[in-house]
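Visitor: Sending over a structure as structure tokens; questions will come in a sec.
The values are calculated or read from the model by the stated rules, or taken from the named source; none is laboratory data. Just so it is clear, the structure is predicted and the values come from calculations on it, not from any experiment. Glycine also receives a Cβ, built like all others from the backbone with ideal geometry; neighbour counts cover every protein chain displayed. Only protein heavy atoms, including side chains, enter the accessible area calculation; ligands, DNA and RNA are left aside. Shrake-Rupley method; radii C 1.70, N 1.55, O 1.52, S 1.80 Å.
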Amino acid sequence: MNVKRRLFEDWNVSLETGPSSDPSLDVVSFASRALGCDVSVEGSLAHQPEGIECAAVAAGIKSEGVLDFTVVKLPEPGAAAAVFTTSLCPSYAVQYDREVLADGRAQALAVLSKNANVFTPRGAEDTRTMARWVAEELGVESTNVVLSCTGVIGVPLPMEKVKRAIAGISRKLHVGHLDDAARAILTTDRGPKVASVRFGDVVLCAMAKGAGMIEPNLATMLVYFFTNADLDGAALRAILADAADRTFNSLSIDSDTSTSDTVAIFSTRRVPMNERTREDFGDAVRAMSVKLARDIVWQAEGATKLIECTVRLDTCRKDARLIAKKIINSPLVKTAVHGGDPNWGRLVMAIGKPDERLAIRAIAREDVVISMMGQKLFDRAQPVAIDLHALSKELVAQTRVGIDVRIGQGRHAATVWGCDLSRRYVEINADYTT
């Protein structure tokens, strides 16, 4: 049975879940004002802007024969914008990109996987050298090259390997090959995360990576959008920041904020926009961000269940999100979900954890309603008598777990996404560099 619902009251974005146990097959859509019909986000790169070229190679940074370095080139300098990690230890690439994108323009993107180039002796110099090599190889200005590095922290870039990877890569550029880039940017991801839409002549596609060290502001999360919409860098950044706040900044895998997080958008600016197509474009970015954020969580290291947690309370939406994050970040909640244990006491623990950022200062049990999988477990001071064994069996069987908490009348709401915590997550991260 398919269930379609609007994700946020103030967003023109809907989520339809079907009978499949794979949440990546859920359909995210928006109602197009220009076309007068729903437009669904496709889980592929079927729609790519004309003129964008890509090449991906195996530089030997991951392991021999595995794609780990990619470049994407626009036909000429276009509009570009990004939002970045708020880490106090940002990568050299993030620092460099902030400078490059200050003018809202770029022509090329280069991504190196399996080495974050963070806290390295020559990191800043190596970053600028890599940008210069890419610019010279592609015939673009170095000030129009955006760079990303992701992977192990503290290991110097293997510059000889990087130089060999860049040399001659311009001869390998092909239009319509962004699927190669989507594979090359991965680290411990189970597979590529991609999406695209077309409405009229406007095309928007995106790719993402991220499986661990993820709790945005932003998360080791990299996301790249490509479009042909004629919008300048300032407009793109406003749209991107709005979408990222409710999606990429509302997910968490393990509560750890990466040094390298980047969500960027590039446009060839070839398709004129009117008021309706501009509104559709904002909705498309929002819808695709929902799709990719959920896919990141579903493909998290060791994940077997996607958790969607909604908190409603009376102070403000910021409080709602902070409390929802406390729930999905709790190891006790995550392990309970993994084991199919409907232990609502752990939810009480999570919502009660102090946080100086919260405007709410006390929570009375008479104000609290807790539900899981649509069933009330606690209702304003009273536990609810339900068949916990049956609910446990449902939790074990399902790959999507819903948790809802209402405090007071619930005038403000926030939804966040997380995942369970399994033995596999521990295994992956215990052996990450060794």
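Visitor: Determine if region 354-361 includes at least one residue that is surrounded by fewer than 24 Cβ atoms within 10 Å (Cβ to Cβ) and in contact with a Pro (Cβ under 9 Å, 6 or more places away or on another chain).
Guide: Checked region 354-361: no residue is surrounded by fewer than 24 Cβ atoms within 10 Å (Cβ to Cβ) and in contact with a Pro (Cβ under 9 Å, 6 or more places away or on another chain).
Visitor: Quick test of your reading of the structure: L306 fulfils all but one of (1) open to solvent by 20 Å² or more (accessible area, probe 1.4 Å); (2) in contact with a Pro (Cβ under 8 Å, 6 or more places away or on another chain). Name the failing condition by number.
Guide: (1)
Visitor: Test of understanding: among A106, A93, which residue is crowded, with 23+ Cβ neighbours inside 10 Å, within 22 Å of the chain's Cα centre (by Cα), more than 22 Å from L204 (Cα to Cα) and of a type in the set (A, V, I, L, M)?
Guide: The unique qualifying residue is A93.
Visitor: With the structure loaded, tell me whether A414 is touching a helix residue (DSSP H, G or I) at 6+ places or on another chain (Cβ under 6 Å) and not in a helix (DSSP H, G or I) or whether it fails that test.
Guide: So A414 fits the description; yes.
Here's the yes/no breakdown for (1) open to solvent by 30 Å² or more (accessible area, probe 1.4 Å); (2) over 26 Å from P23 (Cβ atoms); (3) out of contact with any Phe, Trp or Tyr (no Cβ under 7 Å at 6 or more places or on another chain); (4) not in a loop (DSSP other than H, G, I, E, B):
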{"position": "R276", "(1), (2), (3), (4)": "yes, yes, yes, yes"}
{"position": "E279", "(1), (2), (3), (4)": "yes, yes, yes, yes"}
{"position": "A287", "(1), (2), (3), (4)": "no, no, no, yes"}
{"position": "K291", "(1), (2), (3), (4)": "no, no, yes, yes"}
{"position": "R294", "(1), (2), (3), (4)": "no, no, no, yes"}
{"position": "V297", "(1), (2), (3), (4)": "no, no, no, yes"}
{"position": "A320", "(1), (2), (3), (4)": "no, no, yes, yes"}
{"position": "K326", "(1), (2), (3), (4)": "no, no, yes, yes"}
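Visitor: I've got another one for you. Inside region 36-52, can you point out the residues that are assigned to a loop (DSSP other than H, G, I, E, B), open to solvent by less than 20 Å² (accessible area, probe 1.4 Å) and within 11 Å of M288 (Cβ to Cβ)?
Guide: If the condition is that a residue be assigned to a loop (DSSP other than H, G, I, E, B), open to solvent by less than 20 Å² (accessible area, probe 1.4 Å) and within 11 Å of M288 (Cβ to Cβ), then V41 is the only one that fits.
Visitor: Could you tell me which of the residues D283, D230 is in contact with a Pro (Cβ under 7 Å, 6 or more places away or on another chain) and at pLDDT 95 or above?
Guide: Criteria check complete, one pass: D230.
Visitor: List the pairs whose first member sits in region 244-268 and is under 21 Å from L101 (Cβ atoms) and part of a helix (DSSP H, G or I), whose second member is at pLDDT 90 or above and open to solvent by 10 Å² or more (accessible area, probe 1.4 Å), and whose Cβ atoms are under 6 Å apart, counting only residues at least 6 apart or on separate chains?
Guide: From region 244-268, the pairs are A244/V83.
Visitor: Condition first: buried (at least 16 other Cβ atoms within 10 Å of the Cβ) and under 17 Å from G78 (Cβ atoms). Now tell me which residues in region 120-141 satisfy that.
Guide: Listed by number, the residues that qualify are V134, A135, L138, V140.
Visitor: Further question on the same structure: Only one of L332, L377, L395 is open to solvent by less than 50 Å² (accessible area, probe 1.4 Å), modelled with pLDDT of 90 or more, under 30 Å from the mean Cα position of the chain (by Cα) and not polar (S, T, N, Q). Can you tell me which?
Guide: Being open to solvent by less than 50 Å² (accessible area, probe 1.4 Å), modelled with pLDDT of 90 or more, under 30 Å from the mean Cα position of the chain (by Cα) and not polar (S, T, N, Q) holds for just one of L332, L377, L395, which is L395.
Visitor: Report yes if some residue within region 95-103 is among the small types (G, A, S) and assigned to a helix (DSSP H, G or I); otherwise report no.
Guide: Yes: region 95-103 contains one or more residues that are among the small types (G, A, S) and assigned to a helix (DSSP H, G or I).
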